[in-house]
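The structure under discussion appears below in the form of structure tokens.
No value in this document is a laboratory result; all are computed from the given coordinates. Just so it is clear, the model here is predicted, and its values are computed rather than measured. So basically every Cβ, Gly included, is an ideal-geometry build from the backbone, and we count neighbours across all protein chains shown.
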Amino acid sequence: MPDTALLIIDMQRALLKDAHDGEACLDRVAELAERARAAGVPVVYLRQRFDQVPPEWLEVHPTLTPRPGDVVLDKDSADSFLGTALGEVLAGLAVHRLVVTGYASDYCVDSTSRSALSHGYDLVLVADGHTTIERPAGAEPTAAQIVAHHNGIFSVIQYAGRSVAVTPAAEIRFTASPQSPT
């Protein structure tokens, strides 16, 4: 059984309508999910809950519709581990390494990635597999700068006893053995 899982964070239709590089990011994450499933790597979806909004706000974008066997967990905070069964699910799957994708580079992707490291997981942040809301013209930093900033931070961040990589989607290789995706 693989020791890796693919996390897809908050890739919800309502959130992605104004996302930077949204369609291309969705396509890259969808292709990663297919490769993960083909290798027997678990695919775990995290969905942000909202108070007093229509249920369709929880819907995962149709490009990334979960498949039978995928795990779908709802969360109430930016940290996907906080108040969810994520840790228990990953332990039950014997996962030690997380490949992280998703929406809001500067909130949920960042918080979950740091929490994963603190919870003892190795981390692969998909360099072109996370996005954030497009900012108004002239706003600083731009969405592209935010994505680049988080890629830069995670390319140099160090956690004792953990490996951290920032890798483009096209370079990630899922295997059924306990080897690290690159």
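Net charge near D122, counting Lys/Arg +1 and Asp/Glu -1 over other residues with Cβ under 11 Å of its Cβ?
+1
Please find, in a Gaussian network model of the chain (springs between Cα atoms separated by less than 10 Å), the residue of V147, V100, V53 whose mean-square fluctuation is greatest.
V53
Would you mind ranking T175, T112 so that the residue whose beta carbon has the fewest other beta carbons within 10 Å leads the list?
So the ranking, lowest neighbour count to highest, is T175, T112.
Which of these values of volume of the Cα convex hull per residue in Å³ was calculated from the structure shown: (1) 132; (2) 109; (3) 120?
(2)
Considering only DSSP beta bridges with both partners in the chain, what is the antiparallel share in %, to the nearest 5?
5
Please return the longest range in the chain lying between exposed loop sites, taking trypsin sites (Lys or Arg not before Pro), DSSP loop only, at most 13 other beta-carbon atoms within 10 Å, and leaving the sites out.
The segment 50-172 is the longest one with no such site.
Give me the net charge for the shell around L82: Cβ to Cβ below 11 angstrom, other residues only, Lys and Arg +1, Asp and Glu -1.
With Lys, Arg at +1 and Asp, Glu at -1, the net is -1.
Report, by chain and number, residues whose modeled amide H sits under 5 Å from the one on V124, excluding near sequence neighbours (fewer than 5 apart, same chain).
L98, V99, V100, A165
Quick check: residue separation of S118 and A85 times 0.36 nm, minus the Cα distance between them. What number comes out in nm?
Computed gain between S118 and A85 is 10.3 nm.
Return D76, D122, D21 ranked ascending by Cβ neighbour count within 10 Å, so the fewest neighbours appear first.
Taking fewest neighbouring Cβ atoms as first place, the list is D76, D21, D122.
Gain in length, Y159 to E23, computed as 0.36 nm per residue apart minus the alpha-carbon separation, to one decimal in nm?
45.7 nm
Treat each spin label as a single point 7 Å out from the Cα along the C-beta direction, and report the A148 to E134 distance in nm.
The modelled label-to-label distance comes out at 1.8 nm.
Enter the Cα centre distance for the pair the stretch 1-50 and the stretch 114-144, rounded to the nearest angstrom.
Centre-to-centre (Cα) distance: 14 Å.
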